[in-house]
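Q: Below: one structure in structure tokens.
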Amino acid sequence: MNYKKQILLLFSISILWILFGIIVLCQPTDPNWMCQKDPPELVQATTLFFFAFFPLCVLLYFLKEAAYLSWRKFALRYLLVVAVILMLSANNGGGNGFNPGYGFDTESLTFFFSGLFFLVSLLLIIIKSWKLRGK
């Protein structure tokens, strides 16, 4: 499959999952459309990562294939490791946020890892596209 088609597919999946996540997280439980107090962790975690994918897909669409391939290699490895970490953190009985010594809960880890994913991806894309600038 052409790399631009892969990026468009990832972009489409990101938009659909973000919409799905908003619908699941903010169910119309009352007339004011208040969001759930205890949303499902799987939906919340994946929605945050797709929020990180969304701007990266737009950026990758306009760059060369080598930049996309290096980012894809990083993203597949990173997301696999983070998925294992998040699954292991869900079994510890919860934590108290980012308080040292008390453990981490899945929500705070998801915020941290999705932000880290976005920053590292952006840095990787910038460096790779700068190296490919003259080619």
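Q: For an R0 of 30 angstrom, estimate the FRET efficiency from the Cβ-Cβ distance between Glu65 and Leu116 and round to the nearest 0.05.
A: According to the calculation, E is roughly 0.75.
Q: Taking the number of other C-beta atoms within 10 Å as the exposure measure, put Met87, Met1 in order starting with the fewest. Could you put the intermediate results ahead of the total?
A: Values: Met87 12, Met1 6.
The order, fewest Cβ neighbours first, is Met1, Met87.
Q: Enumerate the amide H contacts of Asp105 below 5 Å, restricted to partners 5 or more residues apart or on another chain; note that Pro and chain-start residues carry no placed amide H.
A: Excluding prolines and chain starts, which carry no amide H, the hits are Gly95, Asn96, Gly97.
Q: Can you sort Trp71, Trp17 so the residue with the fewest Cβ neighbours within 10 Å comes first? Let's see the in-between values first.
A: Numbers: Trp71 22, Trp17 18.
With the fewest neighbours first, Trp71, Trp17 line up as Trp17, Trp71.
Q: Straight distance only, please: which lysines reach the Cα of Lys73 with their own Cα at less than 24 Å, same-chain residues fewer than 8 apart left out?
A: Straight-distance partners of Lys73: Lys4, Lys5, Lys64, Lys128, Lys131, Lys135.
Read the figures in this text as sums done on the coordinates, not as results from a lab. All of these numbers come straight from a predicted model, not from anything done at the bench. No Cβ is skipped: glycine too gets one built from the backbone with ideal geometry, and neighbour counts run over all protein chains shown.
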